[in-house]
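The values are calculated or read from the model by the stated rules, or taken from the named source; none is laboratory data. Remember, predicted model here, so these are calculated numbers, not experimental data. Positions of Cβ are backbone-derived with ideal geometry, glycine not excepted, and every protein chain shown enters the neighbour counts.
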Amino acid sequence: MDFVQNMKVKAASMQKKLVLPEGTEPRTVKAARILVDENLAASVTLIGRQSEIDAIAAGEGVDLTGIEIVNPELSPNRDRYAQSYYEMVHAREEAKKAKGGAVLEPVTPEKAGMEITGALRWGAMMVHLGDADASVAGAENTTGDVLRAGLAIIGMVPGLKTASSCFVMTGLDPAWGYNGSLIFSDCAVVPDPTAEQLADIAQSAALSCREFLGCDPVAALLSFSTKGSAKHDNVAKVQKAVEILKSRNPGFLFDGELQADAALVPSVTDKKAPGSPVRGNVNTLVFPDLGSGNIGYKLVQRLGNAGAFGPFLQGFAKPISDLSRGASVEDIVATAAVTLARAK
């Protein structure tokens, strides 16, 4: 069973509630139909005006039976959502002012009431308040828009401040990772993370490893240096991230800074990093920057003929996912299944 099929089976067994904020996007409407037909969720909600969604569905030949439609402008939840949104934004503004910061355009209840009707914010609020368990968007919105809505309303896992992403790499030789599967992170969100952000990314990747691979994470923080073999600011950043992780006592095995071969090949580990606690067991690779992460996963995908599933957002308090704007209907269904499978 491949990764996506495994996630579909898990999602179907869990029966969680999904919201698709881009309810007037044709691929999303088609995906909603498939998700309902395959019984991958307890409910699937499209956000948008009923007349617009009806027109899209008719044009695409999609039956909307069993799919819920919510128009935020007319929803009986509008006041409740607006009040929750106002309270969280106002609290952040007050905290900022308490630290000496300036708030240029303070939120008002009226402004909150207008902003919350935006589809991405509405979907995020559904997840935050438990009216949905997971949200998937990005077929017509930018990654930045999806991230901003998630950060503003859903927030991060307690103790973390950095939203990031991971790829699930599958189909490799079983000697690598966990039965031939590894987590690669971050490959899509943070271009040049600080040491603190890199520590956050490692913790999020470890959680993704547990959720996606179903095993205890063993992480390597990668670099072009192993244990001080080179001196450079980029090396020092990874070294500092490792020290930050140690101070947090995150509950999983990790080591760094390590070159890729020192992380993955036991004989090389013994030479370059003797005594490393991750020797021969690494299943989670944490890249020092977006360039190396993105290049790394594409090389393994193409040259190693590996499956590359993602990017999946990580670090959020509740599951949300971003799509490529070139995503196919099948991509949306697969991402939704993966996201639903992460819901608690």
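A few remarks follow.
- Index of the failed condition, S84 passing every other in (1) touching a helix residue (DSSP H, G or I) at 6+ places or on another chain (Cβ under 7 Å); (2) among the polar types (S, T, N, Q); (3) assigned by TED's automatic domain parsing to the domain that holds A124; (4) more than 17 Å from V329 (Cβ to Cβ): (3)
Every residue, every condition in (1) surrounded by fewer than 24 Cβ atoms within 10 Å (Cβ to Cβ); (2) at positive phi; (3) touching a helix residue (DSSP H, G or I) at 6+ places or on another chain (Cβ under 6 Å), yes or no:
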| position | (1), (2), (3) |
| --- | --- |
| G293 | no, no, no |
| G304 | yes, no, no |
| G315 | no, yes, yes |
| D322 | no, no, yes |
| I332 | no, no, yes |
| T335 | no, no, no |
| K344 | yes, no, no |
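- Unmet criterion (only one of (1) within 22 Å of F212 (Cα to Cα); (2) part of a strand (DSSP E or B); (3) modelled with pLDDT of 95 or more) for A308: (3)
- Selection within region 12-31 - outside any loop (DSSP other than H, G, I, E, B) and more than 25 Å from N141 (Cα to Cα): A12, S13, M14
- Tabulated pairs, region 247-271, first in contact (Cβ under 8 Å) with a residue 60 or more places away in the chain and in the same structural domain as G296 (by TED's automatic domain parsing), second assigned to a helix (DSSP H, G or I) and of a type outside the set (A, V, I, L, M), C-beta under 9 angstrom, 6+ apart or interchain: R248/Q203
- Residue satisfying condition, being in a strand (DSSP E or B) and out of contact with any Cys (no Cβ under 6 Å at 6 or more places or on another chain), within set L299, L313, L340: L313
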